[in-house]
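Q: Here you go, one structure.
What follows is calculated from the coordinates using simple rules that are stated; it is not laboratory data. Here the structure is a predicted model, which means the values were calculated and not measured. Using ideal geometry, Cβ is built from the backbone for each residue, glycine included, and neighbour counts are taken over all protein chains shown.
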Amino acid sequence: PRRPVLHAGIESFNMGGKIPLGLKRKGLRIVVTGGAGFVGSHLVDRLIARGDSVIVVDNFFTGNKDNVMHHFGNPRFELIRHDVVEPLLLEVDQIYHLACPASPVHYKYNPIKTIKTNVVGTLNMLGLAKRIGARFLLTSTSEVYGDPLQHPQVETYWGNVNPIGVRSCYDEGKRTAETLTMDYHRGAGVEVRIARIFNTYGPRMCIDDGRVVSNFVAQALRKEPLTVYGDGNQTRSFQYVSDLVEGLIRLMEGEHVGPFNLGNPGEFTMLELAKVVQETIDSEAKIEFRANTEDDPHKRKPDITKAKELLGWKPKVSLRKGLPMMVSDFRQRIFGDQKLKES
Ligand code: NAD
Ligand code: UDP
Ligand code: UDP
């Protein structure tokens, strides 16, 4: 049963995530799991800026305190070191569930932990949402489409996924997380939202996380060759992080469960991406071909008609506009650190 949960000092009732008129923007209590990571920390910035109270739950596997340190000392911000595979007791209005490594290098590092995080972690956060009547948002992924046989990908497409491959801990994990989310919605009346996120980039990405945009940018800045895997003709669609955060918030606040594709439909081959990086950072940067990884999807591009129509959302930042903003952050972190070491 839903019951109001009052917290001393915070003026808000638990209304199953619904924001009653008059209380809007005042004291919503929000958990962001994975909030010390790349996407999570940008989301936390937006929620804090609009006046909400935010609890970040993170085990710091790929996240970092540096990403949220600027909120330390703010009474509306709390940081809890916790692994979502373990149960968690809290009272909040909304749960943004992001906890899960996103880079293939990170999620393949300990695949059993990855699938536990996706399945047991999501189960725990849904159990929490059910107990306290909070609205729950799952950050799923375009990887649920696998190596897609439909292009671009529409939400109604069921995907082409290898259940026993090296990426399965992540993509089958997220598929199960979606299933759990829908079953808690249908079976337990939990208010849920599902986002299927396409490749996202921006400031605060881990510098050496092995994803293509972070690799190319760091390589160009360090005057190393850009490593193109395979023949470089595989495609991805790259979304700037502020567009994603806007989409996640609209989804959480809107009336629709989803799933919704959130991504930028601008599609690039890896060779085209390398060219944009050369134009942005160093026209002399060389390209080096490497063997591709197993089960690498050949192409990926979101159909965002549904998000446009039902959430009134579309991305605003093109790759050519977004990349320079990421480059200045990377430049500062790579060369700032180096200067520190030298001194
Ligand atoms: P990230 O690796 O930067 O952030 C993930 C965060 O979750 C980190 O802070 C990490 O420490 C934390 N975490 C991991 N396992 C945990 C656990 N068991 N308990 C508690 N915390 C844990 O990744 P990101 O790019 O910010 O991705 C955030 C979410 O968005 C993920 O769920 C990811 O699957 C999804 N997503 C991201 C992209 C993308 O391109 N960035 C694309 C599709 C989906
Ligand atoms: N759970 C949690 N916090 C809560 C409520 C539940 O972490 O506030 C966990 C709980 O430990 C369980 C999972 O969520 O493992 C699913 O909870 P649910 O109540 O749906 O199932 P049950 O406990 O009945 O198996
Ligand atoms: N890739 C590449 N060079 C790199 C890293 C990745 O060419 O240094 C390719 C990779 O093979 C894949 C694409 O870039 O085809 C996107 O990979 P990423 O790991 O960024 O994300 P994915 O979409 O595979 O989850």
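Q: Tell me the relative contact order for the chain as a rounded percent, counting alpha carbon contacts under 8 Å between residues six or more apart.
A: RCO, the chain: 16 percent.
Q: Moving on. Which of these, Phe330, Phe289, Phe77, has the largest mean-square fluctuation under a Gaussian network model of the chain (Cα springs below 10 Å)?
A: Its mean-square fluctuation being the largest, the pick is Phe289.
Q: Additional query: Kindly give Rg over Rh for the range 116-157, based on alpha-carbon atoms, with the Kirkwood expression for the hydrodynamic radius.
A: Rg divided by Rh gives 1.14.
Q: Past the 32 Å Cα-Cα mark, which pairs from Lys223/Lys306; Lys113/Lys301; Lys130/Lys321; Lys65/Lys286?
A: Lys223/Lys306; Lys130/Lys321; Lys65/Lys286, as the Cα separations exceed 32 Å there.
Q: Tell me the angle of helix 122-132 to the major Cα principal axis of the chain, expressed in degrees between 0 and 90 and rounded to the nearest ten.
A: 30
Q: Mean residue ellipticity at 222 nm from the helices of the chain, using -39,500 (n - 2.57) per DSSP H segment of n ≥ 4 over the full residue count, to the nearest 500 deg cm²/dmol?
A: After summing the helix terms and dividing by residue count, I get -11000 deg cm²/dmol.
Q: A further question follows. Most fluctuating residue of Asn233, Asn261, Asn110 in a GNM of the chain with Cα springs under 10 Å: which is it?
A: Looking only at Asn233, Asn261, Asn110, the largest GNM fluctuation is found for Asn110.
Q: Another question about this same structure. In whole Å, how far is the Cα centre of the range 46-65 from that of the range 256-293?
A: 28
Q: Hey, got the Cα dimensions of the range 91-248 along the principal axes, in Å, largest first?
A: Extents along the principal axes: 53, 32, 29 Å.
Q: With everything on Cα atoms, drop me the angle between helix 241-253 and the longest principal axis of the chain, reported from 0 to 90° to the nearest 10.
A: Helix 241-253 sits roughly 20 degrees off the main axis of the chain.
Q: Right, another one. How big is the range 97-136 in terms of Cα radius of gyration and Dmax, in angstroms?
A: 11.9, 36
Q: Follow-up question, since we're still on this one. Where does the Debye-calculated log10 I(q)/I(0) of the range 176-229 sit at q = 0.13 Å⁻¹, using only Cα point scatterers of equal weight, no solvent?
A: -0.54
Q: Which angle between 0 and 90 degrees, to the nearest 10, do you get for helix 270-280 versus the longest principal axis of the chain when only C-alpha atoms count?
A: 90
Q: Where the eigenvalues come from the Cα gyration tensor of the range 122-200, what are the semi-axes √(5λ) of the equivalent ellipsoid, largest first, in whole Å?
A: 25, 13, 10
Q: Averaging over every viewing direction, what projected area does the convex hull of the Cα atoms of the range 295-335 cover, in nm²?
A: Taking a quarter of the hull surface, the average projection is 5.2 nm².
Q: Okay, moving on. Once you've got the GNM for the chain with C-alpha springs shorter than 10 Å, pick whichever of Ala188, Ala291, Ala274 has the biggest mean-square fluctuation.
A: Result: Ala291 has the largest fluctuation of those listed.
Q: Then there's this: How big is the convex hull of the Cα atoms of the range 44-113, per residue, in Å³?
A: Looking at the range 44-113, the number lands at 102 Å³ per residue.
Q: Hey, another quick one. Kirkwood hydrodynamic radius for the range 257-340: how many Å is it when counted over pairs of different Cα atoms?
A: 15.9
Q: Put +1 on the Cβ of every Lys and Arg and -1 on every Asp and Glu Cβ in the range 129-236; which of Ser214, Gly189, Thr235 then has its Cα farthest towards the positive end of the dipole?
A: Gly189
Q: Which three semi-axes in whole Å describe the equivalent ellipsoid of the range 182-274, each the square root of 5 times a Cα gyration tensor eigenvalue, listed largest first?
A: 33, 14, 12
Q: Just need log10 I(q)/I(0) for the chain at q = 0.09, 0.10, 0.13, 0.14 Å⁻¹, Debye formula, equal scatterers on the alpha-carbon atoms, no solvent, rounded to two decimals.
A: -0.47, -0.58, -0.99, -1.15
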